[in-house]
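Heads up: the structure comes next, in C-alpha cells.
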C-alpha cells in the first residue's frame, strides 16, 4: 500500500487528513513529563499517574508489536459564533454536535479495517482521546501539521479545528514524509487574547487557568479572580482558536451558515438541572463531561458576567433550591456582581 491509496481509504472512511509515522520513542515525551511536573495538568490526575506518563513515551509500551502510528483528523470548522441570546452562554464549537469520541472512533476503525483488507490482518489499538497517547505530537510526526503557540495542532489548509484519532498498528505502513510546514512565526495573537493568561509560554498551557479546563474538567470552585474572566463561556472556550489567522480560511468556507442550537445554552435551565434531565439531554454530547453540578456552577458565573438584571430571580431561586454548596456559592457570587 502506498500513501496515495492510504489517503483514498481515509476519504472513503469520512476523514479529512491521514498520516503515518514509524512507531518508536515519542520525541516530545520529556516536555510532556516536565509539563506534568510543573503542575500544569491541574486536577487531571489520570495524566499524572506514573504508568500513564511512562506509556506515553513509546507506543510499543502499549502494544509491543507496534510498527506504525496512524493518525487521522476530521475538521469541525463551521458557522461563526452567533449573537448571544439573552441569558444564554456560549459553548465551544467542538461540542456543537454528537460526541466526537463515538463517530470518529467508528471512522478510524473503518479505515484500519479497510487497510487490513488490502495488506492482511494485523493487531491494532485505536484511540480518540482515551488512551496514553500524545495525539498532537504524533500528528505532527505524521505530517498533519505543526503545534501552534496555543498548543493546538494546526493544518495549513484546515486550521486547528480538528478532531484527532490515533491507531497503533502492528504492521509497517508507508510513513508519510512530513512536508515543510509553515509556523506561527512572530504571531502571538492567541497568547495575548487568552483572558486568563493560561498560555504561559509558546505551546505550553497551564490548565489551572484555562477556561476549557475550568468549565469542563475542573470539579471544584472556580477561583474568584478567574470567574469574571470566563465571560460568556459556559462550556469550553474557543478564544485562542478564534483569533488564529490559520483558522480564517476554514471558517470562511462556512460563511452564511447558521450555528446549531447547541452553540448556546439557556443558563436559567442549567442552574437547577437535575441528573435525569442532564442525562437525557447531554448523554451523547461532549457536554456530558461537565456534570450537572459543573454546568450549574458555570451558568451562575456567566450570569454574573452578563450583567442582565433578569438573572437575579433565577439565581435567587437556585440558591434556595440547590442541594449543591458549590452551586450556591457561585450563585451568591453572581448575585453580588449583579447587585453591586
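The values are calculated or read from the model by the stated rules, or taken from the named source; none is laboratory data. Small disclaimer: the values here were computed from a predicted structure and weren't measured. For neighbour counting, all protein chains shown are included, and Cβ atoms are generated from backbone atoms with ideal geometry for every residue, glycine included.
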- Which residues, taken from the stretch 318-328, are in a helix (DSSP H, G or I), crowded, with 17+ Cβ neighbours inside 10 Å and in contact (Cβ under 8 Å) with a residue 24 or more places away in the chain? 318, 326, 327
- Message: For the condition within 20 Å of the chain's Cα centre (by Cα) and assigned to a helix (DSSP H, G or I), what is the one hit in 315, 303, 335, 295?
- Response: 295
- Which condition number in (1) surrounded by 15 or more Cβ atoms within 10 Å (Cβ to Cβ); (2) outside any helix (DSSP H, G or I) is the one that residue 138 fails? (2)
- Message: Let me spell it out: the conditions are (1) on the phi > 0 side of the Ramachandran plot; (2) assigned to a helix (DSSP H, G or I), and residue 111 meets all of them except one. Which number is the exception?
- Response: (1)
- Query: Has the stretch 158-181 got at least one residue that is surrounded by fewer than 17 Cβ atoms within 10 Å (Cβ to Cβ), at negative phi and not in a loop (DSSP other than H, G, I, E, B)?
  - Reply: no
- Task: Tell me which residues, restricted to the stretch 221-254, are part of a helix (DSSP H, G or I), more than 11 Å from residue 159 (Cα to Cα) and in contact (Cβ under 8 Å) with a residue 40 or more places away in the chain.
- Result: 224, 227, 228, 230, 239, 240
- Item | Test result for residue 269, assigned to a helix (DSSP H, G or I) and either surrounded by fewer than 18 Cβ atoms within 10 Å (Cβ to Cβ) or out of contact with any helix residue (DSSP H, G or I) (no Cβ under 7 Å at 6 or more places or on another chain) (or both) | yes
- Item | Options 85, 59; residue that is within 17 Å of residue 123 (Cα to Cα) and either under 19 Å from the mean Cα position of the chain (by Cα) or modelled with pLDDT of 95 or more (or both) | 59
- Out of 128, 200, which single residue is buried (at least 23 other Cβ atoms within 10 Å of the Cβ) and either in contact with a helix residue (DSSP H, G or I) (Cβ under 8 Å, 6 or more places away or on another chain) or assigned by TED's automatic domain parsing to the domain that holds residue 236 (or both)? 128
- Message: Name the residue that is nearest to residue 136 (Cα to Cα), counting only residues in the stretch 77-91 that are touching a strand residue (DSSP E or B) at 6+ places or on another chain (Cβ under 8 Å) and assigned to a loop (DSSP other than H, G, I, E, B).
- Response: 77
- Item | Which numbered condition residue 74 misses (of (1) surrounded by 15 or more Cβ atoms within 10 Å (Cβ to Cβ); (2) assigned to a loop (DSSP other than H, G, I, E, B)) | (2)
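Given the structure, is residue 46 exposed (fewer than 14 other Cβ atoms within 10 Å of the Cβ) and in a helix (DSSP H, G or I)? Quick ask: steps written out before the conclusion?
On the way: exposed (fewer than 14 other Cβ atoms within 10 Å of the Cβ): yes; in a helix (DSSP H, G or I): yes.
In short, yes.
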- Among (1) modelled with pLDDT under 95; (2) assigned to a loop (DSSP other than H, G, I, E, B); (3) out of contact with any helix residue (DSSP H, G or I) (no Cβ under 7 Å at 6 or more places or on another chain), the one test that residue 121 misses: (1)
- Item | Matching entry among 10, 54 (being outside the structural domain of residue 203 (by TED's automatic domain parsing), in a helix (DSSP H, G or I) and in contact with a strand residue (DSSP E or B) (Cβ under 8 Å, 6 or more places away or on another chain)) | 10
- Do you know which residues across the stretch 249-284 are over 20 Å from residue 83 (Cβ atoms) and touching a strand residue (DSSP E or B) at 6+ places or on another chain (Cβ under 8 Å)? 249, 250
